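No value in this document is a laboratory result; all are computed from the given coordinates. The structure presented is a predicted model; accordingly, all values stated were derived computationally and were not measured. Positions of Cβ are backbone-derived with ideal geometry, glycine not excepted, and every protein chain shown enters the neighbour counts.
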Amino acid sequence: MNKINKILIANRGEISLRVMRTAREMGIQTVAVYSEADRNSLHVRYADEAVCLGPPPSAQSYLLGDKIISLCKEMGVDAIHPGYGFLSENAGFAQKVSEAGLIFIGPSPQAIEIMGNKLAAKQAVSKYNIPMVPGTEEAITDIAEAKKTAAAIGYPILIKASAGGGGKGMRIVENEEEFEEQMQRAISEAVSAFGDGAVFIEKYITSPRHIEIQVLGDQHGNIVHLFERECSVQRRHQKVIEEAPSSVITEEKRNEMGQAAIAVAKACNYYGAGTVEFIVDENLDFYFLEMNTRLQVEHPVTEMITGKDLVMEQILIAEGKPLSFRQEDLHIHGHSVEVRVYAEDPRNNFLPDIGKLITYQRPQGPGIRVDDGFEENMDIPIYYDPMIAKLVTHAETRQSAIDRMVRAINDYRITGIETTLPFCKFVLKHDAFVKGDFDTKFVEKYFTPDMLDEAFSADELHILAAAGVFLSETNNPKSKQVESMEYKATTNWTKRLNNG
Ligand code: ADP
């Protein structure tokens, strides 16, 4: 057993704060690292100690593994939490951390290495009878051969980068004529993003859902699963809204997928927190996609429904403690939804909208959790992922968790930049989402930017009109604001009627 007394969080923003909060509850000292762009960030102020790593670009700051390790030695740190992104899935870094006599809060370098490569991962789990999407087992080297395989599988197929992540290096091929061109594109994307051009073929599942299972394993061979997260609402293969549990998974299916996830984890002697991703077709048949060997962005929804603190579990596991609960001790309590709030303009093709947060007021109240790293008057730096916050709700039923989320979005006050909040609200209020009847094509199928303008009901229009008249008669300065809302609502309403 290695008691951890001081943790360095090799990350920034919301996840750095998230980890530090738990560390503090456990009586563990915290060290933040930051780049020059993050000098005034909340994670820097919250930590017991903080060190500047260098200039803003990640390669000159958050990715400086060796510098981070030597800082740990100087500062008496005994463990590193990598968060997600940056160094979190870098097997070489994890290896160096342990060679330096420090604890890496995560799985073994070997597990990271195997699961970081989609082909190696498929190979590792192949003896465990885990369902997999039909495709090639090795990287494409011979185009003629690959075309034959694609024809046998049947178009459309997907060309994927073995080293892929974040939806990069992935190309849909509709027919044989497009094959070579799309393959070259996938390869060049993979080389520039991951420095590894190995690509392979998978059958393209036309309307899948993305459902993943959270696992936790200790260093003594115990592994449990903490149920599923539904992450099907995506843009460009990137998750935007997540929830737990999934509205389509039955108890029996949950069990089956949970056991499959545990088998995947066993295939690489996994310990720590990890996520096994599956795609699920319309018959609820599921196929292994990949395993993420770190804490996921969307981990809070699992925490909300299980009552477990995943970061605390990660730390206890890293200390060498056995899991304090068994599978049968875990239960689902209620329902949780998370939306990712990005500094992007949903009316303008989701272009990043970087700037100053002139107003920034979080929603509050029962069952609401905001994981963020910003406050009013802070700038959103252009150097990193434009996620501002994760807004999470928890309630007894799915519908009440959705209603609570809509209320929380309405209460969230952000000015100075555009955010994806109106887009998230659009999804949450959409009939298909409410019914749970959706797949990864949701956004493509249903979303156009003009839908973001509030759809007021006829009753609401009458109320607005009456309020406008009342306020202007009493010379209330708010009358202008109401008038403009009414004008906007009426024009949109008319446009909608005209469009049938
Ligand atoms: P990455 O590591 O880049 O995130 P994944 O393999 O996890 O790549 O896939 C990301 C997303 O791409 C999935 O959630 C799903 O929406 C889509 N996807 C992946 N594989 C397939 C497939 N075979 N058929 C259809 N969609 C897929």
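Rounded to the nearest 5, what % of DSSP beta bridges with both residues in the chain are antiparallel?
Approximately 80 percent, going by the DSSP bridge assignments.
Which length gain, in nm to one decimal place, applies between R21 and N2 when the Cα-Cα distance is subtracted from 0.36 nm times their residue separation?
Full extension of this stretch gives 4.8 nm more.
What are the ³J(HN,Hα) couplings of region 346-360, residue after residue, when phi is run through the Karplus curve with 6.51, -1.76, 1.60 and θ = phi - 60°? Round to Hz, x for glycine and proline.
After applying 6.51 cos²θ - 1.76 cosθ + 1.60, I find x, 7, 10, 6, 6, 5, x, 10, 8, x, 9, 7, 6, 10, 8 Hz.
May I ask you to compute the full-extension gain from R45 to E180, defined as 0.36 nm times their residue separation minus their alpha-carbon distance, rounded to one decimal in nm?
43.5 nm
Would you compute, for the Cα atoms of the chain, the largest minus smallest coordinate along each principal axis and list the three values in descending order, in whole Å?
Ordered largest first, the chain gives principal extents of 75, 58, 46 Å.
Using the reciprocal of the averaged 1/r over all distinct C-alpha pairs, how large is the Kirkwood radius of region 6-105 in Å?
Final number for the Kirkwood radius of region 6-105 is 13.0 Å.
Could you list the GluC sites (Glu not before Pro) in region 200-290 that lie in coil according to DSSP, counting only those with at most 12 other Cβ atoms within 10 Å of their Cβ?
On the way: sites: E202, E212, E228, E230, E242, E243, E251, E252, E256, E277, E282, E290; in loops: E282.
Of the GluC sites (Glu not before Pro), the ones in loops of region 200-290 whose Cβ has at most 12 other Cβ atoms within 10 Å are E282.
Measure off 7 Å from each Cα along the Cα-to-Cβ vector at D450 and E36, then give the distance between these two points in nanometres to one decimal.
It works out to 4.7 nm between the two label points.
I'd like the projected area of region 134-203, averaged over all directions, using the convex hull of its alpha carbons. Report it in nm² with one decimal.
So the Cα hull casts an average projection of 3.9 nm².
Show me the three semi-axes of the equivalent ellipsoid for region 209-449, from the C-alpha gyration tensor (sqrt of 5 times each eigenvalue), largest first, rounded to whole Å. Present the calculation step by step, with values, prior to reporting the outcome.
Values: eigenvalues 184, 86, 55 Å².
Taking √(5λ) for each eigenvalue gives 30, 21, 17 Å, largest first.
Please tell me which of these pairs span more than 25 angstrom C-alpha to C-alpha: K3/K73; K266/K435; K67/K390; K147/K239?
Details: K3/K73 16 Å; K266/K435 36 Å; K67/K390 30 Å; K147/K239 31 Å.
Where the Cα-Cα span goes over 25 Å, the pairs concerned are K266/K435; K67/K390; K147/K239.
Consider a paramagnetic label point 7 Å from the Cα of Q95 along Cα→Cβ; state which residues of region 69-83 have an amide N under 18 Å from it.
Output list for this probe position: 69-70.
Give a quick list of trypsin sites (Lys or Arg not before Pro) in region 202-291 that DSSP marks as loop, anything other than H, G, I, E or B, with at most 12 other Cβ atoms within 10 Å.
R236
How many Å³ per residue does the convex hull of the Cα positions in region 298-436 occupy?
Normalising the Cα hull of region 298-436 by residue number yields 132 Å³.
Per residue, how much space in cubic angstrom lies within the convex hull of the C-alpha atoms of region 240-301?
Each residue corresponds to 100 Å³ of Cα convex hull volume.
Can you tell me how much longer the chain between E145 and A432 gets when fully stretched, taken as 0.36 nm per residue apart minus their C-alpha distance, in nm with one decimal?
Here the answer is 99.2 nm.
Between I382 and T474, what FRET efficiency comes out of the Förster formula 1/(1 + (r/R0)^6) with R0 = 41 Å and r the beta carbon distance, rounded to 0.05?
0.35
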